[in-house]
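Below is one structure; the comments refer to it alone.
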2 protein chains.
Amino acid sequence: MPEFLDLHGSTNKAVRAVADAGMRHLGLHLGQNHVLALLWEQDGRTPGEIAATLHVTTPTVVKMATRMATAGLLTRRRDDRDNRLVRLWLTEAGRALRQPVEQQRERLENHLTADLTEAEREQLISALTKIRRRALELLADGDPTDAEPR
Amino acid sequence: MPEFLDLHGSTNKAVRAVADAGMRHLGLHLGQNHVLALLWEQDGRTPGEIAATLHVTTPTVVKMATRMATAGLLTRRRDDRDNRLVRLWLTEAGRALRQPVEQQRERLENHLTADLTEAEREQLISALTKIRRRALELLADGDPTDAEPR
DNA sequence: CGCCATTCATTAGACGGCTAACGATTCGGA
DNA sequence: TCCGAATCGTTAGCCGTCTAATGAATGGCG
């Protein structure tokens, strides 16, 4: 009885959509909130650092940073000592979003898992962790998915 | 103890990546396989039908269809009786992918859930179903996520 | 019968991701 | 000291997904 793949995908899509809706009326897009979260914790990080932390490629962060700069959430400034580096600094607007965004995220998570008992929630997290680990292994192994299944 | 959102997102990303890798060496991109699956089951569907079945918007299907036509997987042809409609017809190449793709998908699913007991798998599916339902409700309700949480 | 609302597909453009190619800068070793 | 290797960010371009705007065809109602 397969169909786990589709279920997980469609769940993700639904969750994403509602999270995006939630963020949108705070004036930002989904994904930007992750960058912001890192800068709230420590301002002036570089795109590379952020990308590594978020498990995302550098170009992705660069693009987001460009939009966020346009939106007035942060500014770019090259590092004085190492001119290859660029550091992202929050604006006042970027800092101001911290409290509402964090609150919104928590509320969303509670809403979504409201139908689960505490035990169910723990099992869910455990199961997802296992699956993710498997997926990462497959990726690292040069995905022998088409080779002999054994 | 939040963090379910991030876990779910990162799991999805990993799963997606490995699935995409698997599809790529069969010569197609992730997402195309869903369109193909529908056409295998019934050839000659319209973009609108496919979009509705996949819970995706019509433009998404149109774009994929364009690429898939370029890739030689299917052809477009307008319906004779209702000229507004466009019907997508598999080419021989598109039909030929059925067996390998389905096999690959099943293998992938087994790999990913290999660390779960049967009970765990069932609980996982149950939990995801509940969460997805919640998410869809929130979307439908005009997402009162920012309104009074009560 | 003719016109307007409905129904489809397509196009345009945005977001989040990714890979590949470039360009600039720093650093280390000969 | 100087040049090539390593390190960064940026650009270009593709995939999947969405919304909004356009365009073409059908259908129903007066």
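The values are calculated or read from the model by the stated rules, or taken from the named source; none is laboratory data. None of these values were measured; they are calculated from a predicted model. Here the Cβ is made from the backbone with ideal geometry for all residues, glycine too, and neighbour counts use every protein chain on show.
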Next item on the list: Considering each residue of segment B:1-23, count those that are out of contact with any Asp or Glu (no Cβ under 8 Å at 6 or more places or on another chain) and assigned to a helix (DSSP H, G or I), and give that number.
Entry: 15
Notebook entry, point to check: Any idea which residue in segment A:26-41 is modelled with the lowest pLDDT, counting only those that are of a type outside the set (A, V, I, L, M) and away from DNA strand D (no atom under 13 Å from the Cβ)?
Noted result: A:27
Item checked: Positions within segment B:1-23 being more than 7 Å from chain A (Cβ to nearest Cβ) and at pLDDT below 90, in sequence order -> B:1, B:3, B:6
Next item on the list: Examine segment B:26-40 for a residue that is within 14 Å of DNA strand C (Cβ to nearest atom) and over 15 Å from the mean Cα position of the chain (by Cα), and state whether such a residue exists.
Entry: no
Notebook entry, point to check: Looking at B:113, B:117, which one is touching an Asp or Glu at 6+ places or on another chain (Cβ under 9 Å) and more than 16 Å from DNA strand D (Cβ to nearest atom)?
Noted result: B:113
Item checked: Residue list for segment B:24-44, filter: of a type in the set (A, V, I, L, M, F, W, C) and either facing chain A (nearest Cβ under 9 Å) or touching a strand residue (DSSP E or B) at 6+ places or on another chain (Cβ under 6 Å) (or both) -> B:26, B:39
Margin query: Considering only residues that are surrounded by 13 or more Cβ atoms within 10 Å (Cβ to Cβ), part of a helix (DSSP H, G or I) and either within 9 Å of DNA strand C (Cβ to nearest atom) or under 17 Å from the mean Cα position of the chain (by Cα) (or both), which ones fall in segment A:64-84?
Written below: A:64, A:65, A:67, A:68
Next item on the list: Collect the residues in segment B:45-63 that are outside any helix (DSSP H, G or I) and either away from DNA strand C (no atom under 12 Å from the Cβ) or out of contact with any Leu (no Cβ under 7 Å at 6 or more places or on another chain) (or both), keeping them in residue-number order.
Entry: B:55, B:56, B:57
Checklist line | Meets criteria (closer than 16 Å to residue B:103 by Cβ and either of a type in the set (D, E, K, R) or assigned to a loop (DSSP other than H, G, I, E, B) (or both)) for residue B:26 | finding: yes
Notebook entry, point to check: How about segment A:45-74: which of its residues are within 11 Å of DNA strand D (Cβ to nearest atom) and in contact with a strand residue (DSSP E or B) (Cβ under 7 Å, 6 or more places away or on another chain)?
Noted result: A:45, A:46, A:47, A:65, A:69
Check: Pick from A:92, A:49: which is modelled with pLDDT of 95 or more, over 22 Å from residue B:3 (Cβ atoms) and of a type in the set (Asp, Glu)?
Finding: A:92
Notebook entry, point to check: Taking the stated definitions as given, is residue B:119 in contact with a Ser or Thr (Cβ under 9 Å, 6 or more places away or on another chain), under 28 Å from residue A:112 (Cβ atoms) and not hydroxyl-bearing (Ser, Thr, Tyr)?
Noted result: no
Margin query: On the basis of being loosely packed, with under 14 Cβ neighbours inside 10 Å and outside any helix (DSSP H, G or I), does residue B:87 make the cut?
Written below: no
Next item on the list: Within segment A:76-92, identify whether any single residue is out of contact with any Pro (no Cβ under 7 Å at 6 or more places or on another chain) and under 13 Å from residue A:34 (Cα atoms), and answer yes or no.
Entry: no
Note to self: I'm trying to understand the selection: among the residues of segment B:73-113, which are touching a Lys or Arg at 6+ places or on another chain (Cβ under 7 Å) and within 11 Å of another protein chain (Cβ to nearest Cβ)?
What the structure shows: B:111, B:112, B:113
Next item on the list: Would you check if there is a residue in segment B:91-98 being crowded, with 17+ Cβ neighbours inside 10 Å and either in contact (Cβ under 8 Å) with a residue 40 or more places away in the chain or not in a helix (DSSP H, G or I) (or both)?
Entry: yes
Checklist line | Members of segment A:85-95 that are under 19 Å from the mean Cα position of the chain (by Cα) and of a type in the set (Gly, Ala, Ser) | finding: A:94
Note to self: Only one of A:139, A:124, A:116 is within 12 Å of DNA strand C (Cβ to nearest atom), within 14 Å of chain B (Cβ to nearest Cβ) and not in a strand (DSSP E or B). Can you tell me which?
What the structure shows: A:139
